[in-house]
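As structure tokens, the structure follows; a few thoughts come after it.
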Amino acid sequence: MKNVKTIAEMQAVAESLRWEGKTIGLVPTMGFLHEGHLSLMRTAREGNDAVIASIFVNPTQFGPKEDLARYPRDEDGDRQKCESAGVDYLFMPPVAEMYPEKPSVFVDLEGIACMLEGSIRPGHFRGVATVVAKLFNIVKPHRAYFGQKDYQQCAVIKRMVRGLNLDVEVIVLPTVREADGLAMSSRNSYLDAKQRGKAIVLFHALKAGEELIRAGVHEPEKVRQKMRDVLLTVE
Ligand code: PAF
């Protein structure tokens, strides 16, 4: 696996891969990799001639009071994991490479980026869409892989690709879960044992909603209420 730190080198590699007629699969990440990321990389490995993973903790998608400074990092461990998942190139640019000056150009989506998580994290999806667009221009992938855990993020990226006519196929793969059902996430490392115990209620609420729908309940408010009841069982 080759490590790449500059945009110029990454673009040159992508250009020559394309010139050789090879397909490129991109797995964009913010690092501190877990099995969810690795499953994306393995799938990219199966479907493409070359696999490029990126690790970049993107400042523009963090709010001023969010966890940018303490976001978990493990560069050496991540390198080994990428290698074992069959990644050919690991693009890990410094912040000054991606944003040499105060960012003033953004990809901003109306509607979809402002609801749900977007309503409590203003600017978050603008930062995500902007950095993913930049990564697409740098890595020139034929396919890009994302986890369904970040459902709204996937919808935003698909909408961006459609809206800007980007020539990239967005592939969304199922959430990878711990044995008890908790979705794998780099941020799970913030949880102490008590919080970890409580976090599983999210999975239980989703399952309760699913069961209701499978049993034929189609009124969203009934499903919402059931899920709310399950969530409120946590003290
Ligand atoms: O899902 C993530 O890890 C990030 O939001 C992404 C897509 C790599 C953009 O920074």
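The values are calculated or read from the model by the stated rules, or taken from the named source; none is laboratory data. No experiment lies behind these values; they were computed from the predicted model shown. Here the Cβ is made from the backbone with ideal geometry for all residues, glycine too, and neighbour counts use every protein chain on show. Accessible surface areas use protein heavy atoms only, side chains included; no ligands, DNA or RNA. Shrake-Rupley method; radii C 1.70, N 1.55, O 1.52, S 1.80 Å.
When only Cα pairs below 8 angstrom with a gap of at least 6 residues are kept, segment 49-137 shows a relative contact order of 42 percent. Between the alpha-carbon centres of segment 177-229 and segment 47-66 there is a gap of 26 Å. Listed peptides 99-109, 161-171 appear in the order 161-171, 99-109 once ranked by packing, highest mean of other Cβ atoms within 10 Å at the front.
Most tightly packed first, judged by the mean number of other beta-carbon atoms within 10 Å of their residues, the peptides 81-91, 209-219 read 81-91, 209-219. The residues of the chain expose on average 55 square angstrom of accessible surface per residue, using a 1.4 Å probe on protein heavy atoms. On full extension, the segment bounded by Ser104 and Asp76 gains 6.8 nm, given 0.36 nm per residue less the C-alpha separation. Peptides 29-40, 57-68 ordered by packing proxy, namely the average of other Cβ atoms within 10 Å per residue, highest first: 29-40, 57-68.
The C-alpha atoms of the chain define a longest principal axis, and helix 220-231 lies at about 90 degrees to it.
At the listed q of 0.10, 0.11 Å⁻¹, the Debye profile of the chain, built from one uniform point per Cα, gives log10 I(q)/I(0) equal to -0.52, -0.62. For a straight C-alpha distance cut-off of 21 angstrom, the lysines reachable from Lys81 (same-chain residues fewer than eight places away being disregarded) are Lys2, Lys5, Lys149.
Just the protein heavy atoms count here, and of the accessible area of the chain at 1.4 Å, carbon and sulfur take up 55 percent. Distance between the modelled labels on Ala179 and Gln148, one decimal in nanometres: 2.4 nm (7 Å Cα→Cβ projection).
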